[in-house]
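The values are calculated or read from the model by the stated rules, or taken from the named source; none is laboratory data. Keep in mind it's a predicted model, so treat the numbers as computed, not measured. Every residue, glycine among them, receives a Cβ derived from its backbone with ideal geometry; neighbour counts consider all protein chains shown. Surface areas here come from the heavy atoms of the whole protein model, side chains and all, with no ligands, DNA or RNA. Shrake-Rupley method; radii C 1.70, N 1.55, O 1.52, S 1.80 Å.
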Amino acid sequence: MKYPLALLIALFSIQIGFSQNSQFWKGYFSYKQIKDISQSPTVFFAAAENALFSKNLVTNSIKTTNTIDGLSGQTITSMYHSTGFNKTIIGYENGLIMIVNDVDGTMINVVDIITNGVNQNLKKINHFMEYNGILYVSCDFGIVQYNLATSGFGDTYRIGDLGAEIKVSQTAISNGIIYAATSVGIKSASIINPNLNDYNQWTQVLSGGFSGVETFGSQVVASSNWGQLFKLNGASFTSFSTLPLGAIDLRASGNYLLISTQTSVYVYTQNLSLSFQINSNQIPNLSAKFTCATVIDNLLYLGTFEDGIITTTIDNPTTFSFLSPDGPSRNALFAINASTNNLWAVYGGYSSNYNPYTYDYNGLNTYGFSKYNENGWQNTPYSDVLGAKALCKITVNPNNSNQVYMSSFFSGLLKVENDIPIVLYDESNSSLESLVLTPPNPNYKDLRINGAAFDKSGNLWVGNGWSKNGIKKLSTQGAWSSVNIEPISQRYYENSYGEVVVDKNGTKWMASSYDGVIAYNETGNIFKKISLGAETGNLPVVDARVVAIDNRNQLWIGTTSGLRVLSSVDRFSTDPQLTSNSIIILENGLAQELLYEQFITDIVVDGANNKWVGTADSGVFQFSSDGQQTLRRFTSSNSPLPSNAINDIDINPSTGEVFFATDKGMVSYKGTATTASTDLSNVNVYPNPVRPEFEGTVKVSGLSNKCNVKITDIEGNLVYETISQGGTIEWDTKAFGSYNVASGVYMIFISSQDAMDNTVKKVMIIR
């Protein structure tokens, strides 16, 4: 495989584009799920799920690298640092290889394995082994050569019987022989044989599935899938030990051989005597699952599945420390809340069909929650959340930001005060109800609680799925009550609920899986519904997931198959049947329905009444207030988004920062549409001064809504004028968009809509 020059240039351009835009983006990644580790004489490297970090052993400084810097958001499966070339090589589950130049940070995407004809399920990169400047890349289909000096591929070895593709977990070279640990055994061949792409040149040395093979001094060691360890004696392998579990990782580091299983790490000396082992139950307050281990000087680094890097000393492996950059517990954030100075996150959740048991491979999620602010991340583990599983939504009390309610799609509703879970509401202490099995099982408890919202009186309204009394109310006095939804929902017994919002009239709007949008107002106990069909609401499908009320009191509805808008929430009191409409746009001269058949996961309205829309597999859209213009489109291909699967979106109303929670991590975009201020006492202009290297726009924040903003040069010549929509405006430093203004001081005259409040600011432009 050769790397085409045009493609290389294109990929390089993409990375440069990401770098230029990184000033607008910020990453909030987890560094807990360690996939692989590597080292140089002075630096320790670790690969998490889709991000890297390194520790300089001389300065003790820690550096992180993630999608903001240009990394792919795909799942990392292996990593290797080449000291000779000063490059870090990352392998991915989908076959992508990324080469990071550690001198200048530049990156190259190597996509040849992705684009070759190999079965899509066999492209995973398992291991890198360097020999004479050549990387031997172990993949699920065989072995590939990659030249680190020329950045080009060499031969591909398919070494199964008759040239079949077989999984190769690791390779090693000793005395001119290359050994490959494969799914069918250990195979060997002469490294100088020019015909290694011929399977006949490879000899089967051992049979059975093998997870690793490694050169350790003058010895060759192999680990089987069933836990047996072998060493090479002459031309054959003999067993020297058997472990209770199969090895996950096998590597030599200095004078030690390290073998990791899920529950233990074994440290062997040069004569293959076991020096000591570390079991997961030795680490206090953890039930760690190991993934890999290495030794640098006298320090042992233990990679874990969910707890980051744990360190201990070779001399006294009984005291443990933790080494991981600050971050959330996991990358797969299910829901977030950025309505205050704190950013809250939970990890879910339920699958696309509202099944909490199949969302995660572990079954019902037991991950606790996280909180982020200027002090960093605070992660609250499952052991502290009173048994609440599958946490899926976060609702902050607008009258008390220290009071937070977290919905559980299995256990009920968790109340958190001052960061401490204080009560879990379920069927035993509230009106919340469990679903009922057929035939009934009184001992079965499964409370499907999801969307929740406060009304203007401070009452909390909650959707209780699979229940006849599907709407619950928690009053400001702490009293629970229920609303029977049977009059509007004939399938209440299997209805799941998505987002809940409360409008200015006190009407509750609730997305549902079988009834579209259910609307309820307790004044008169009135129900209405927006559902499928031209005469019954005009939704494209009955499964609505999200509702959002914009600044013009329109109700935006996201379904599993498209978008609809109710022209005004006031129609609840006037229209016998509520009817939504699609948004029709012109695309290439043809009328098209906006987001036709898209699975919409979230809709958030920013301070300028623009709409941020998340989708299940197409990334994020930002639309103008009426939906007629696409202002921005972010995907994993054109932005630092780690995934196109958007689980949740939220906006910090003060700063305009837009957060995107995906199944592979969270990033934010520094938006400018902030919530309008009540006066002009806190107007801020930034950056100021504007230096020659700055490529963004000047922001004027702290505005009240519909302010008149005029910008003039020092002589009073008008160069820009606009009316604010929300709390922030942007200026591209051009004179009415036509040419860059010259260096100098520019005056910014700001007047409120009623002209009763005024202020003047200055900004300096340096070209």
Local net charge near Tyr514, Cβ-Cβ under 12 Å (Lys/Arg +1, Asp/Glu -1)
-1
List the aspartates and glutamates whose Cα sits under 17 Å from the Cα of Lys508, skipping any in the same chain fewer than 8 residues away.
Asp455, Glu486, Glu499, Glu522, Asp550, Asp570, Asp575
If amide hydrogens are placed 1.01 Å from N in the peptide plane, which non-local residues have theirs closer than 5 Å to the one on Thr291?
Gly303, Thr304, Phe305
Descending principal axes extents, segment 11-170, alpha-carbon based, whole Å:
51, 33, 31
Based on the mean of other beta carbon atoms within 10 Å per residue, what is the order of 430-441, 73-84, 117-128, most packed first?
73-84, 117-128, 430-441
When a/c reaches 1.5 or more, the comparison of a/b and b/c decides; with that in mind, is segment 100-176 rounded, prolate or oblate per its Cα gyration tensor?
oblate
Net +/- balance of residues flanking Asn682 in space, Cβ distance below 13 Å, scoring K and R +1, D and E -1:
-1
Under 23 Å from the Cα of Lys762 - lysines, other chains or at least 8 residues apart:
Lys670, Lys699, Lys706, Lys710, Lys734
Compute the signed sum of charges (Lys and Arg +1, Asp and Glu -1) over the other residues within less than 15 Å, Cβ to Cβ, of Val483.
+1
Applying a 10 Å radius around every beta-carbon, put 614-621, 404-411, 633-640 in order of their mean neighbour count, most first.
404-411, 614-621, 633-640
Expected vector for segment 540-552, Karplus 3J(HN,Hα) from phi with 6.51, -1.76, 1.60 and θ = phi - 60°, integer Hz, x for Gly and Pro, equals x, 8, 7, 8, 9, 10, 8, 10, 8, 9, 8, 6, 10
Can you give the accessible area of Tyr493, probe radius 1.4 Å, in Å² rounded to 10?
120 Å²
For the peptides 25-35, 447-457, 669-679, what is the packing order when you average, over each peptide's residues, the other Cβ atoms within 10 Å and list the highest mean first?
25-35, 447-457, 669-679
Specify the inter-centroid distance of segment 643-715 and segment 50-99, based on alpha-carbon positions, in whole Å.
31 Å
For Phe240, what accessible surface area do you get with a 1.4 Å probe? Give it in Å², rounded to 10.
50 Å²
Cα gyration tensor shape of segment 525-575, rounded if a/c is under 1.5, else prolate or oblate by comparing a/b with b/c
oblate
When a/c is below 1.5 the answer is rounded, else prolate if a/b is larger than b/c, else oblate, so apply that to segment 648-691 with a ≥ b ≥ c taken from the square roots of the Cα gyration tensor eigenvalues.
oblate
Any idea what the relative contact order of the chain is, in percent, if you count C-alpha pairs under 8 Å spaced at least 6 apart?
7 percent
Karplus (6.51, -1.76, 1.60) ³J(HN,Hα), θ = phi - 60°, over segment 149-166, in Hz, Gly and Pro reported as x
7, 9, 6, x, 7, x, 7, 10, 10, 9, 10, x, 4, 6, x, 5, 7, 10
Put Ile89, Ile420 in order of accessible area, largest first, probe 1.4 Å, and you get Ile420, Ile89
Taking mean projected area of the Cα convex hull in nm² straight from the coordinates, which label in (i) 38.3; (ii) 39.9; (iii) 32.9 is the correct one?
(i)
